[in-house]
Amino acid sequence: MPAQSRGEPGPPSPLERFNTAPARDAEHALLACLHSLRWALRIAGHRPYPDLASLLAAADEAAYDLSAEELTEALAAESLPALPEDTYTAAHTALSAAHAAYEAKFGHVFVISLAGVPEDEALDRVLEDIRSRLANDPEDEQVVAAEQLRHLARGRLENLLGGAGNCANTPHGAAPGN
């Protein structure tokens, strides 16, 4: 007879571990999902969460409340993962040029959530989106970048609570690049 059926508790779920972790540990894990101290403090400070949906809703709400300075801080902490080794030179050159143009215009790295995008389509999606977003004015792009950061943070948080234990290891990472 399994231990669970005799009333013995099983191992805690990732959400239970998050809810009961020391505040400093929870904040550190959250900062790996989105580098905003106020965001991390706010989410960690409202624990415990009854379920993942409640935690994600709180994370979304806190991300919507990022100030311009906090958004700048969060964007500055984002990095671009390396292109796959088999990426052909022309694509690498095009993407590097697009990233450079984007950073020159907006002052931060290009971020995009690639959740749900097949890996073989990611490079094309990034190039298409970065070129499209280069047409934005800085104020409009700040709104788009904030929304993409919110999506990234949400995906990283889902990854964290899916048992991986590290927000930085996620398929929802920033756009492939340099």
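In this structure, residue 8 and residue 54 have a Cβ-Cβ separation that, at R0 = 41 Å, corresponds to a calculated FRET efficiency of about 0.95.
What shape does the stretch 34-157 take by its C-alpha gyration tensor, where a ≥ b ≥ c are the square roots of the eigenvalues and a/c under 1.5 counts as rounded, a/b above b/c as prolate, and the rest as oblate? It comes out prolate by the Cα gyration axes.
Counted residue by residue at 0.36 nm each, then reduced by the alpha carbon distance between them, the extension gain from residue 135 to residue 76 reaches 19.1 nm.
Fully extending the segment from residue 127 to residue 143 would add 3.8 nm, taking 0.36 nm per residue of separation and subtracting the current Cα-Cα distance.
Quick note: the coordinates plus some simple rules give every number you see, no bench work behind them. Source: prediction; values computed, not measured. Cβ sites come from the backbone with ideal geometry, for glycine too, and all protein chains shown count toward neighbours.
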